[in-house]
Amino acid sequence: MLVIPSIDIEKGRSRIVHWPGAAAGVGSPTDRPERIAERFVEQGAQMIHVVDMDGARSGRPGNLEAMGRVASRVAVPLQVAGGMEGADNIRLAFAAGATRVVVSMALADDPGLLHECLDVAGDWLAVGLDPRPNRIAAYPWHRSAPPSLTDLAGELVDHGVHRLVLSHGGAVPDLGFLAELARNLRAEVFVAGGSLDIDAIKSLRDAGIAGIILGEPLLTGAVDFAKALEAAS
């Protein structure tokens, strides 16, 4: 299972300052996304995930230069989320150096736009879903009733989506449900966020999850990256 460091980028900078040696008073802090990504790759990261916070708000990429700086410093796949909903937006991200994109749950309700994005990104497109039932129920669906997450995931796979990213916010992931979903779905399942510790990482690995995307816990040192990699192996 992959452990994928995530960096929230706002106005070209990381929203969280990363200082891996803070407890010991060694090294130096940085909010430069490319330096943070480089540090994680040096420690064994096989992919970097960045969230374009400005792009998420505006609906179009807002940190292309920062993406390019990250891509130029690391030789691993760069996955980008935030403002990717649209074929032209994905083309811009790919031109900047991204190799994978994550689009929002809104595309699950817009098959035409979803297929336009798939035509550009193909297998390198993932759809982000919020697995919390109250969040799915609250979304303004263009259908008679809100779908279940299982039905929604199945629909996306039928459309040709091969990767799903389940974003839990601060909630604790339902390991039993995730294990069943990963077992029955013809797609890779990634988990983003959520209340995770080393034991939870081991459980997600055993559940067949393809990868976990961790931002603030890794950047602040709440979860040790080396220990997380060991637990995921």
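When the residues of the range 63-104 are filtered to those that are touching a Ser or Thr at 6+ places or on another chain (Cβ under 8 Å) and farther than 23 Å from residue 2 by Cβ, which remaining residue is surrounded by the most Cβ atoms within 10 Å (Cβ to Cβ)? By that ranking, first place goes to 83.
Tally up the residues in the range 154-189 that are outside any helix (DSSP H, G or I) and of a type in the set (Asp, Glu), please.
Initial filter on the range 154-189 (outside any helix (DSSP H, G or I)): 160-174, 185-189.
Filter once more, keeping what is of a type in the set (Asp, Glu): 174, 188.
Total satisfying the criteria: 2.
All conditions but one from (1) part of a loop (DSSP other than H, G, I, E, B); (2) within 18 Å of the chain's Cα centre (by Cα) apply to residue 107; the one that does not is (1). Of the candidates 156, 178, the single residue that is touching a strand residue (DSSP E or B) at 6+ places or on another chain (Cβ under 8 Å) and closer than 19 Å to residue 104 by Cβ is 156. Taking the conditions (1) under 19 Å from the mean Cα position of the chain (by Cα); (2) closer than 17 Å to residue 84 by Cβ in turn, residue 38 satisfies each one other than (2).
Hydrophobic (A, V, I, L, M, F, W, C) and either within 17 Å of residue 12 (Cα to Cα) or surrounded by fewer than 17 Cβ atoms within 10 Å (Cβ to Cβ) (or both): does that describe residue 108? Answer is no for this residue. Cβ contacts < 9 Å: first residue on the phi > 0 side of the Ramachandran plot, restricted to the range 152-173; second residue assigned to a loop (DSSP other than H, G, I, E, B), any location; separation 6+ or different chain. Result? Hits for this filter: 169/130; 169/132; 169/193; 169/194.
Sort through 200, 171, 187, 226 and tell me the only one that's more than 22 Å from residue 115 (Cα to Cα), buried (at least 17 other Cβ atoms within 10 Å of the Cβ) and not β-branched (Val, Ile, Thr). Spell out how you get there, then give the answer.
Values: 171 fails: buried (at least 17 other Cβ atoms within 10 Å of the Cβ); 187 fails: more than 22 Å from residue 115 (Cα to Cα); 226 fails: buried (at least 17 other Cβ atoms within 10 Å of the Cβ).
Just a single option satisfies the conditions, and that option is 200.
Condition check ((1) surrounded by fewer than 22 Cβ atoms within 10 Å (Cβ to Cβ); (2) touching a Pro at 6+ places or on another chain (Cβ under 9 Å); (3) charged (D, E, K, R); (4) under 20 Å from residue 90 (Cα atoms)) across all residues:
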{"position": "10", "(1), (2), (3), (4)": "yes, no, yes, yes"}
{"position": "13", "(1), (2), (3), (4)": "yes, yes, yes, no"}
{"position": "31", "(1), (2), (3), (4)": "yes, no, yes, no"}
{"position": "54", "(1), (2), (3), (4)": "yes, yes, yes, yes"}
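When the residues of the range 111-151 are filtered to those that are among the acidic types (Asp, Glu) and not in a loop (DSSP other than H, G, I, E, B), which remaining residue is surrounded by the fewest Cβ atoms within 10 Å (Cβ to Cβ)? Looking at residues that are among the acidic types (Asp, Glu) and not in a loop (DSSP other than H, G, I, E, B), I get 151.
Values quoted throughout were computed directly from the atomic coordinates according to the rules given, and no laboratory measurement underlies them. Predicted model, so just to flag it, every value in this text is computed and none were measured. Here the Cβ is made from the backbone with ideal geometry for all residues, glycine too, and neighbour counts use every protein chain on show.
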